[in-house]
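**Q** Take a look at this one; I'll ask things after.
The values are calculated or read from the model by the stated rules, or taken from the named source; none is laboratory data. Here the structure is a predicted model, which means the values were calculated and not measured. In this analysis, Cβ positions are derived from the backbone assuming ideal geometry, glycine residues included, and neighbour counts consider all displayed protein chains.
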Ligand SMILES: C[S@@+](CC[C@H](N)C(=O)[O-])C[C@H]1O[C@@H](n2cnc3c(N)ncnc32)[C@H](O)[C@@H]1O
């Protein structure tokens with residue numbers, strides 16, 4: 001059984017934790033300015049960029065204190081200093097709104113799903129095609145991104161049926177367009193946690209470490225006899241893979257193969273836990 005390691009509050013609600021760190025940094029700098037202003041004239045504290053750098057340093061420390069993952073540190077360090085620098089460039093505000101909307105449509109609620117968009121390459125698609133049964137089969141790509149993997153598999157195996165589910169609007173639209181004209185590929189908009197995995201011979205996941213314990217519980221409870229769960233790069237914690245395929249690509253991709261039905265035979269699985277990332 002995988003361990004369902006409890007997330008720290010900062011990991012469970014990263015946006016709230018980031019906001020707290022930023023506000024804490026701002027409050028600390030404000031206090032410093034008020035205190036120093038009482039006793040002396042500190043010219044350095046009149047310079048917005050210096051204040052922003054101090055705010056970033058305090059925010060970074062607060063994020064570490066909240067046990068946010070270490071990659072948040074550089075984000076906190078540069079966030080407000082960048083705002084100060086960019087403001088001087090006098091860029092029309094509409095550009096920032098456009099950038100935000102574009103990123104939102106591509107990455108959607110990555111803060112909740114904790115699965116960003118990155119794509120399987122052609123070598124991985126070829127390795128996966130070799131893993132498919134010889135007989136016609138059904139394959140699901142949970143979080144199919146822009147549909148590249150689905151497209152390649154559907155072209156390689158016209159006798160099989162390929163389904164992709166994607167919740168981020170722009171990748172979903174691209175995936176849909178790219179699979180038009182392929183009668184054996186279907187792309188659906190939605191949340192893969194709501195998709196029953198029974199009836200698929202192979203479920204492919206290229207997600208992140210965060211959802212793997214929950215995906216394993218879902219797969220073990222729902223996937224049929226002899227069906228396989230294949231995870232690109234992210235192993236299920238505390239579960240030994242039946243096979244690990246090393247793909248000969250530049251990023252040394254590893255495909256972890258599991259037989260969830262075998263696990264079901266050896267243990268009773270609890271209900272899938274409700275998580276805030278449910279849509
Ligand atoms: C790392 S990408 C992989 C894309 C594609 N499977 C591939 O291998 O090229 C993961 C995708 O899963 C999507 N995703 C994450 N959580 C999801 C969910 N609950 N339902 C549907 N899609 C989801 C993300 O938006 C992202 O596009």
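**Q** Find the residue count for region 26-47, including only residues that are within 23 Å of residue 88 (Cα to Cα), in contact with a helix residue (DSSP H, G or I) (Cβ under 7 Å, 6 or more places away or on another chain) and at pLDDT 90 or above.
**A** 2
**Q** Out of everything in region 133-146 that is near the ligand (Cβ under 10 Å from one of its atoms) and part of a loop (DSSP other than H, G, I, E, B), what residue ends up being nearest to residue 161 (Cα to Cα)?
**A** The extreme case among them is 144.
**Q** May I ask you to list the residues in region 118-132 that are assigned to a loop (DSSP other than H, G, I, E, B) and surrounded by fewer than 16 Cβ atoms within 10 Å (Cβ to Cβ)?
**A** Residues satisfying the conditions are 118, 119.
**Q** Please go through region 147-174 and pick out each residue that is within 10 Å of the ligand (Cβ to nearest atom) and not in a helix (DSSP H, G or I).
**A** Selection gives 147, 164, 165, 166, 167, 168.
**Q** Only one of these is assigned to a helix (DSSP H, G or I) and more than 13 Å from the ligand (Cβ to nearest atom): 181, 221, 199. Name it.
**A** Matching residue, one of 181, 221, 199: 221.
**Q** Would region 113-131 turn up any residue that is in contact with a strand residue (DSSP E or B) (Cβ under 9 Å, 6 or more places away or on another chain) and away from the ligand (no atom under 13 Å from the Cβ)?
**A** Yes, because at least one residue in region 113-131 is in contact with a strand residue (DSSP E or B) (Cβ under 9 Å, 6 or more places away or on another chain) and away from the ligand (no atom under 13 Å from the Cβ).
**Q** For region 186-196, name all the residues that are surrounded by 15 or more Cβ atoms within 10 Å (Cβ to Cβ) and either away from the ligand (no atom under 13 Å from the Cβ) or not assigned by TED's automatic domain parsing to the domain that holds residue 257 (or both).
**A** Correct list: 186 only.
**Q** Ok, one more. Show the residue pairs meeting these rules: Cβ distance below 7 Å; 6+ apart or different chains; first residue within region 157-168 and farther than 12 Å from residue 203 by Cα; second residue near the ligand (Cβ under 6 Å from one of its atoms).
**A** Pairs found: 166/143; 166/144; 166/145; 167/108; 167/191; 168/108; 168/117.
**Q** Determine which single condition residue 101 fails, assuming it passes every other condition in (1) more than 11 Å from the ligand (Cβ to nearest atom); (2) within 22 Å of residue 248 (Cα to Cα).
**A** Of the numbered conditions (1) more than 11 Å from the ligand (Cβ to nearest atom); (2) within 22 Å of residue 248 (Cα to Cα), the odd one out for residue 101 is (2).
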